[in-house]
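Note sheet for the following structure.
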Amino acid sequence: MSTETTQSDAGLLALPFETRELRTERLRLRPLTKSDLEHRSENYQKRTDVVRYLRWEAHDHDEPAKNLEKRIALERLTHDGDGLIFAVELCATDGSDDHRVIGDVSISVKSARDAQVEIGWVFHPAVHGRGYATEATTALLGIAFGELGAHRVYAELDAANEASARLCDILGMTREALLRERDHIDGEWHDVAIFGLLDSEFEAAAKA
Ligand SMILES: CC(C)(COP(=O)(O)OP(=O)(O)OC[C@H]1O[C@@H](n2cnc3c(N)ncnc32)[C@H](O)[C@@H]1OP(=O)(O)O)[C@@H](O)C(=O)NCCC(=O)NCCS
């Protein structure tokens, strides 16, 4: 029996979506692998300034590792809850690749039936302020609204995460909701902000 997802299983999204390398002007986005984990963890994922607003990575130690390994093993988006992580590498100006991982971005299926997709990001502080996060997440939006056929793409952030809120603004996302004290982390309640972008808004911005 075929395990391929049928159109009706996939709802409004064009699933399955196979992971692959994506190129932008200055970046290469490739599937994150197990061998990236040590580097990722040493270089940015354990820095307190980086993980301050990463809810599960920062504050829970076993569950995130398991989650991450499961997501790394995934090669395609098929069902609700499936997510892919891309390592972001700098492309050298001479055309050869640097292979330095400067961050990672993720895309996951929240609801295939309703064509709802979530994106996320983390970048090394040494490369902040150069537009790399904007460039990588713009590529993700292209995939989400293009090949995947998302109707709405959203991001959930700690409401105090101003740098991520600014990135959402740059991407043309609207602040849709503030979920008061939704997360309890290390004894403190945190508000969560939700930013979203609709396919019509993405298309209108692309034409403008
Ligand atoms: C959120 C995060 C990715 C934002 O990083 P960032 O460096 O601000 O984002 P970018 O790389 O896109 O840079 C954008 C800035 O670079 C500027 N910039 C400089 N050169 C640029 C270029 N060539 N192209 C585009 N923008 C450029 C932009 O104007 C913008 O600055 P501004 O906000 O003053 O206008 C980063 O703070 C981060 O990784 N934080 C830790 C992890 C985290 O919190 N993740 C989110 C969990 S929800």
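The values are calculated or read from the model by the stated rules, or taken from the named source; none is laboratory data. All figures in this text were calculated on a predicted structure; none of them were measured in a lab. Ideal geometry is used to build each Cβ from the backbone, glycine not excepted, and the neighbour counts take in all protein chains shown.
Each residue in region 19-34 was checked for being in a strand (DSSP E or B) and either within 15 Å of the chain's Cα centre (by Cα) or surrounded by 13 or more Cβ atoms within 10 Å (Cβ to Cβ) (or both), and 6 of them qualify. Of all the residues in region 185-208, those that are touching a residue at least 12 places away in the same chain (Cβ under 8 Å), over 16 Å from residue 152 (Cβ atoms) and surrounded by fewer than 17 Cβ atoms within 10 Å (Cβ to Cβ) number 3.
Have a look at 99, 79, 151 and point out the one that is more than 13 Å from the ligand (Cβ to nearest atom) and farther than 30 Å from residue 11 by Cβ. So that I can check it myself, show each step before the final result.
Working: 79 fails: farther than 30 Å from residue 11 by Cβ; 151 fails: farther than 30 Å from residue 11 by Cβ.
Residue meeting the stated conditions: 99.
Remark: pairs (first residue in region 138-151, on the phi < 0 side of the Ramachandran plot; second residue part of a helix (DSSP H, G or I); Cβ separation under 6 Å; 6+ apart in sequence or on different chains) = 145/199; 145/202; 150/144; 151/199.
For region 132-146, a residue qualifies if it is surrounded by fewer than 22 Cβ atoms within 10 Å (Cβ to Cβ) and over 21 Å from residue 14 (Cα atoms), and the qualifying residues are 132, 134, 135.
Picking from residues in region 116-148 that are among the hydroxyl-bearing types (Ser, Thr, Tyr) and near the ligand (Cβ under 6 Å from one of its atoms), the one that is farthest from residue 29 (Cα to Cα) is 134.
Scan region 162-184 and give yes if some residue there is among the basic types (Lys, Arg), surrounded by 14 or more Cβ atoms within 10 Å (Cβ to Cβ), touching a residue at least 40 places away in the same chain (Cβ under 8 Å) and away from the ligand (no atom under 12 Å from the Cβ), otherwise no.
Within region 162-184, the first condition is being among the basic types (Lys, Arg), and the residues that meet it are 166, 175, 180, 182.
Now restrict to residues that are surrounded by 14 or more Cβ atoms within 10 Å (Cβ to Cβ): 175, 182.
Subset that is touching a residue at least 40 places away in the same chain (Cβ under 8 Å): none.
No: region 162-184 contains no residue that is among the basic types (Lys, Arg), surrounded by 14 or more Cβ atoms within 10 Å (Cβ to Cβ), touching a residue at least 40 places away in the same chain (Cβ under 8 Å) and away from the ligand (no atom under 12 Å from the Cβ).
Of all the criteria given as (1) at pLDDT 75 or above; (2) in contact with a Gly (Cβ under 6 Å, 6 or more places away or on another chain), the one not satisfied by residue 23 is (2). Output yes when any residue across region 122-136 is at pLDDT below 95, out of contact with any His (no Cβ under 7 Å at 6 or more places or on another chain) and part of a strand (DSSP E or B), and no when none is. Yes, region 122-136 has at least one match. The lone criterion from (1) among the charged types (D, E, K, R); (2) surrounded by 16 or more Cβ atoms within 10 Å (Cβ to Cβ); (3) within 16 Å of the ligand (Cβ to nearest atom); (4) modelled with pLDDT of 95 or more left unmet by residue 104 is number (4).
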